[in-house]
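Bear in mind these aren't lab numbers, they're just calculated from the coordinates by the rules spelled out. Owing to the predicted nature of the structure, the values given are computational and were not obtained by experimental measurement. In this analysis, Cβ positions are derived from the backbone assuming ideal geometry, glycine residues included, and neighbour counts consider all displayed protein chains.
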Amino acid sequence: MIVSEISLWGAALIAFLVVVAMLALAFVDRKMLRRMLIIFGATVAQMVVVGAVVLLAFKTFAWWAYLLWYLLVLLLSICWVLYPIQFMWKRMVLPISIAVLAGSIVLGGSTMLCLPINVFMTVYSVLMACMTASMIQTMINYLRSMHQPDAHKQELSWRESVLPQVRSMAQPLVMVMPMLYAGMLVGGVSPYTGLMIILLLIAASFVANVLAGVIALTMIRKGTRKQSA
């Protein structure tokens, strides 16, 4: 077992560097510093809630604690996908919610089937973060393509938006999967078993991402057609 200890000197150095970064940002742009403090506060509040649920799950090992974690990650994912397009969230909330829910069911189900329940929270959260990042990029690309004046180009934009969904999925996976693989090796998993698990998780992520993208884009396109009719 590998035991990690947090060095007080290291923590103090990081805190000092944070203060220096804030002072440098204040010297350059005070308005940006104010925005950064708001974002930092929101991130801390989010981590407090997440940490409380994680602590509860690890102390109880009850099914309802894992269900609470699943719902929390699902809610956060939906909110983050809606955040860049918040000016039209009323029209997007239903298709994005259904799409993210469908993808989360695939990711959550495959995680529970492939891996032990005690690693469910970590792996599921990482896969949901990858799907959220790709969904955000897909929605932004689709909304940009909808500004095309040609109706044929608007119809084609639906098909072309599925490809960025798959392409953008690979970007976070390339960064995240090696860390998961390293974590499994550190935890004592054999390299071949870890590689097989990574391949299974990539396959599940591929299915979930494509499914979520197709559902969201299809529902948005149908809603747009009804409004224009």
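Tabulated values for the structure
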quantity: Cut-off 11 Å between beta-carbons: net charge of the residues surrounding Met36, Lys and Arg +1, Asp and Glu -1; calculated: +3
quantity: Contact order normalised by residue count of region 1-133, Cα under 8 Å, 6+ apart, percent; calculated: 19
quantity: Furthest towards positive pole of dipole, Leu33, Gly10, Val54, structure part region 1-94, Cβ charges; calculated: Leu33
quantity: Efficiency of FRET between Leu56 and Asn118 - r from beta-carbon atoms, R0 22 angstrom, step 0.05; calculated: 0.95
quantity: Qualifying chymotrypsin sites (Phe, Trp or Tyr not before Pro) in region 34-63, DSSP loop, other Cβ atoms within 10 Å at most 14; calculated: Phe61
quantity: Stretch gain in nm, segment Val49-Ile140, where the contour uses 0.36 nm per residue and the Cα spacing is subtracted; calculated: 29.9 nm
quantity: Two-site FRET efficiency, Ala21 against Leu75, from Cβ-Cβ distance with R₀ of 35 Å, rounded to 0.05; calculated: 0.70
quantity: Mean Cβ neighbour count within 10 Å, used as a protection proxy, ranking 96-103, 49-56, 198-205 highest first; calculated: 96-103, 198-205, 49-56
quantity: Prolate/oblate/rounded call for region 1-104, Cα gyration tensor, a/c under 1.5 rounded; calculated: oblate
quantity: Relative packing of 210-223, 7-20, which averages over residues the other C-beta atoms within 10 Å, highest first; calculated: 210-223, 7-20
